[in-house]
Amino acid sequence: MMLRGKKILLIISGGIAAYKALDLLRQLKKQGAQVRCILTRGGSQFITPMSVASLSEREVHMDLWSLKDETEMGHIRLSREADLILVAPASANLIAQMAYGLAEDLASTTLLASNRPVMIAPAMNPMMWENAATRENIETLEKRGIQMIGPSSGEMACGETGQGRMSEPENIVKAVIHHFQADKPLAGKTALVTSGPTHEPIDPVRFIGNRSSGKQGHAIARALADAGSAVTLISGPVNIPDPEGVETIQVQTAQEMLEACQNALPADIAICAAAVADWRVENAARHKIKKGKDLAPPALTLIQNPDILREIASHPTKRPALVIGFAAETENLEQNARAKLQKKGCDWIIANNVGMEDIFGAQENHVYLITHKNIQEWPKASKENIARDLGLEITNYFLNNEFETRKTG
Ligand code: PMT
C-alpha cells in the first residue's frame, strides 16, 4: 500500500490506450490511492464513464459546464485537492493544449488552474510523437517541471511500429510511487496517529468529553505525511479540517477509536496524541434522560475504557516498530510520564504539562521527549513545529536503526 492516503486526479484523454487506464486505475487503488477521474470527450469514445466510475468508486467528471459538477466539486477544487495530477493517456491534442495554456474543456481547464504536480503518460501514433510540433510541446512541458512517463516503443494499435505506446500501467504506478518517495525520508513507512477527544455518550444528546481540539495530533499526522509516510489519522470529534494527504477516519468513542486503530495495523509508527476518555457510562440511556422536580438527578456508573496505546504497544503480532504515547500531566511531570512509558509499554512519551500552561486547544505546546534512556525538554513552540521536530526525531530513529541493521546483518 505504497500510495495509502494519496489523492490522485487521473485524467484520461482520447486514444486507444485509454483502455489501459482502467487497469492503471485499478492498480493505483490497490496501492491505497484515492483516485478521482476526469474522462475527456475523446477518452469516452474508447471507454465508458460507467467502467471508470465503477473502478474508481466515485462519480466521473466529464463536463466543464455541468451545473451539478460545478456546484458539488468545481474544476478549481478538482485541480487543488489532489496530491498529484496524472494524465494517462495524454493525447497529442491534450499535450498541445497544456503547452499553449488552453482551457477548452474540463481536463485542460483543470490542468491550467492547478498548482499541483503533474505527471503525463503520452500515447499517440509514432509520427505524431515525432512531429516537430509535439517535440516542441513536450520540451515546453518538461521545462515547466511536468514529469513524463514514457512513451515506450513497439507495435501500435494502428499497425505502425515506433515510439508512442503508453507505458504499461505497472510502470506508471512505479513512477507515481517514486514521485511520492523523492526527498521524503519516511517514504515507504506507514503511520497511525490518534487525535482529538473521545465523546462517551450519557444519553443520545449528552456525553462525557474533554477540551482536546485535535490540533497537536492533526499537526503530527500532516508532518509525517509531508515526510513521505502513508498516514492514517484516527480522530475523535474536532472542529478543524482533515489534514491534506492523510487518510482520516472519524470516530466518536474510545471503543470506536480502538477498533479503527486495530484495523489500521500493521503500521511502522503509532503515535497516540488523542485525549481518550478513561471511563464511559456503563449503561448509556437510549432515550434522553428526563429532569423534573420529583426526579432525582441520574446516578452515572462509570466503567474503564480500553487503553488504546497499551493495546497497540502490546499487540502480539502487529506491534509497530516505534510506539509513541503522550502524557498529559498536571504534576510530577517526569515521574508520572516515566511511569506511563513503562505501564503502557511504549518506546517514547511526549509529556506536556497541561496544568501549568494552556495546552488543550492552544496553538502552542511545551513538551518533553522522554525515552527509556533520556529526556529532552523542547522549547515552547507552535504545535506544527513540535510535529515537524518529532518527524525529524522519528526519521533519525529509523535511519540509525536501519544503519545498525545493515552493520550487523
Ligand atoms: O488536541 P489539542 O488541543 O491540540 O491538545 C493536545 C493534547 C494536550 C491533547 C496532547 O498534547 C496530549 O497530551 N494528548 C494525550 C492526552 C491524554 O489523554 O493523556 P493521558 O496522560 O491521559 O494518556 C496517556 C496516553 O495514553 C496518551 O497517549 C493517550 O492517547 C493514551 N490513552 C489514554 C487513555 C486511553 N483509554 N487510551 C489511550 O490510548
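GNM, the chain, Cα, under 10 Å: largest mean-square fluctuation among Gly245, Gly217, Gly188?
Gly188
Please list the non-local residues whose amide H lies under 5 Å from the amide H of Gly42, H modeled 1.01 Å from N, same-chain partners needing a gap of 5 or more.
The list, which skips near neighbours in sequence, is Gly14.
So what are segment 295-343's ellipsoid semi-axes, whole angstrom, largest first, if each one is the square root of 5 times an eigenvalue of the alpha-carbon gyration tensor?
On the way: eigenvalues 175, 73, 10 Å².
The three semi-axes for segment 295-343 are 30, 19, 7 Å.
Below 8 Å, C-alpha to C-alpha, sequence gap of six or more: please give me the relative contact order for segment 190-408 in percent.
Working: 444 pairs, mean separation 42.9, N = 219.
After rounding, I find 20 percent.
Grab the eigenvalues of the alpha-carbon gyration tensor for segment 190-408, scale each by 5, take roots, and send me the semi-axes largest first in whole angstrom. Let's see the in-between values first.
On the way: eigenvalues 208, 69, 58 Å².
Square roots of five times the eigenvalues give 32, 19, 17 Å.
Determine Rg/Rh for segment 1-124; Rg is computed over alpha-carbon atoms and Rh is the Kirkwood hydrodynamic estimate from the same atoms. Show your work: numbers first, answer last.
Details: Rg = 13.0 Å, Rh = 14.1 Å.
My calculation of the ratio gives 0.92.
Using the alpha-carbon atoms, what tilt in degrees (0 to 90, nearest 10) does helix 215-226 show relative to the longest principal axis of the chain?
For 215-226 against the chain, the angle is about 30 degrees.
I'm a student and want to see the number: the projected area of the Cα convex hull of segment 199-241, averaged over all directions, in nm². Let's see the in-between values first.
Details: hull surface 14.2 nm².
Seen from a random direction, the Cα hull of segment 199-241 projects 3.6 nm² on average.
Using amide H atoms built 1.01 Å from N in the peptide plane, name the residues 5+ places from Val231, or on other chains, whose amide H lies under 5 Å from its own.
Residues meeting the amide H criterion: Ala191, Glu247.
Which percent of the accessible area of segment 190-408 is formed by carbon and sulfur heavy atoms (probe 1.4 angstrom)?
Values: 5640 of 11460 Å².
That fraction is 49 percent.
Largest first, how would Phe360, Phe398 line up by accessible area (1.4 Å probe)? Don't jump to the answer; show the numbers that get you there.
On the way: Phe360 65, Phe398 20 Å².
Descending order: Phe360, Phe398.
Please identify, among Pro243, Pro185, Pro298, the residue showing maximal mean-square fluctuation in a Gaussian network model of the chain using a 10 angstrom Cα cutoff.
Pro298
Can you work out the accessible area per residue across segment 265-330, with the rest of the protein chains kept in place, probe 1.4 Å, in square angstrom? Could the numbers behind the result be given before it?
On the way: 4070 Å² over 66 residues.
With the other protein chains kept in place, segment 265-330 gives 62 Å² per residue.
Can you flag which of Lys6/Lys373; Lys288/Lys343; Lys318/Lys373 are past 26 Å Cα-Cα?
Values: Lys6/Lys373 36 Å; Lys288/Lys343 38 Å; Lys318/Lys373 24 Å.
Result: Lys6/Lys373; Lys288/Lys343 exceed 26 Å.
Using θ = phi - 60° and the Karplus form 6.51 cos²θ - 1.76 cosθ + 1.60, what ³J(HN,Hα) does each residue of segment 346-358 get, whole Hz, x for Gly and Pro?
So the J values, rounded to whole Hz, are 9, 8, 10, 10, 9, 9, 10, 8, 8, x, 6, 10, 7.
Accessible area per residue, 1.4 Å probe, Å², for segment 7-181: what's the number? All intermediate terms of the calculation are to be shown ahead of the outcome.
Details: 8090 Å² over 175 residues.
I get 46 Å² per residue for segment 7-181.
What is segment 7-181's relative contact order, in percent, from Cα pairs under 8 angstrom and six or more apart in sequence? Don't skip to the end; give the middle numbers.
Working: 328 pairs, mean separation 40.5, N = 175.
In percent, rounded to a whole number, it is 23.
So what are the ³J(HN,Hα) numbers for segment 102-117, from phi and the Karplus equation (6.51, -1.76, 1.60; θ = phi - 60°), rounded to whole Hz, Gly and Pro as x?
Each residue of segment 102-117 in turn: 7, 10, 9, 8, 4, 5, 5, 5, 4, 5, 5, 7, 8, 10, 9, x Hz.
Could you run the Karplus curve 6.51 cos²θ - 1.76 cosθ + 1.60 with θ = phi - 60° over segment 249-261 and give me ³J(HN,Hα) per residue in whole Hz, x for Gly and Pro?
Rounded to whole hertz, the list is 10, 8, 9, 10, 10, 4, 5, 5, 5, 4, 4, 5, 5.
Per q in 0.09, 0.10 Å⁻¹, report the Debye log10 I(q)/I(0) for the chain, using one uniform scatterer on each alpha carbon and no solvent.
Log10 I(q)/I(0), no solvent term: -0.67, -0.78.
So how do 46-54, 6-14 stack up, highest first, on mean other-Cβ count within 10 Å? Don't skip to the answer; put the middle values down first.
Working: 46-54: 15.8, 6-14: 25.1.
In decreasing order of mean packing, 46-54, 6-14 become 6-14, 46-54.
Which cross-chain or sequence-distant (5 or more) residues have an amide H under 5 Å from the amide H of Ser167, H modelled 1.01 Å from N in plane?
Those lying under 5 Å, H to H, from Ser167 are Ser152.
In percent, what relative contact order does the chain have, based on Cα pairs under 8 Å that are 6 or more apart in sequence?
Values: 843 pairs, mean separation 46.3, N = 409.
Relative contact order here is 11 percent.
With every protein chain left in place, what is the accessible area of Met1 in Å² (1.4 Å probe, nearest 10)?
Only protein atoms counted, so the area is about 120 Å².
If you build a Gaussian network model of the chain, linking Cα atoms that sit under 10 Å apart, which residue out of Lys373, Lys29, Lys174 swings the most?
Result: Lys373 has the largest fluctuation of those listed.
From the protein chains alone at 1.4 Å, what is the descending order of accessible area for Thr317, Thr140, largest first?
The residues order as Thr317, Thr140, largest area first.
The values are calculated or read from the model by the stated rules, or taken from the named source; none is laboratory data. Because the structure is a prediction, the values reported are computed rather than measured. Backbone-built Cβ (ideal geometry, glycine too); neighbour counts: all protein chains shown. Side chains included, ligands, DNA and RNA excluded: accessible areas come from the protein's heavy atoms. Shrake-Rupley method; radii C 1.70, N 1.55, O 1.52, S 1.80 Å.
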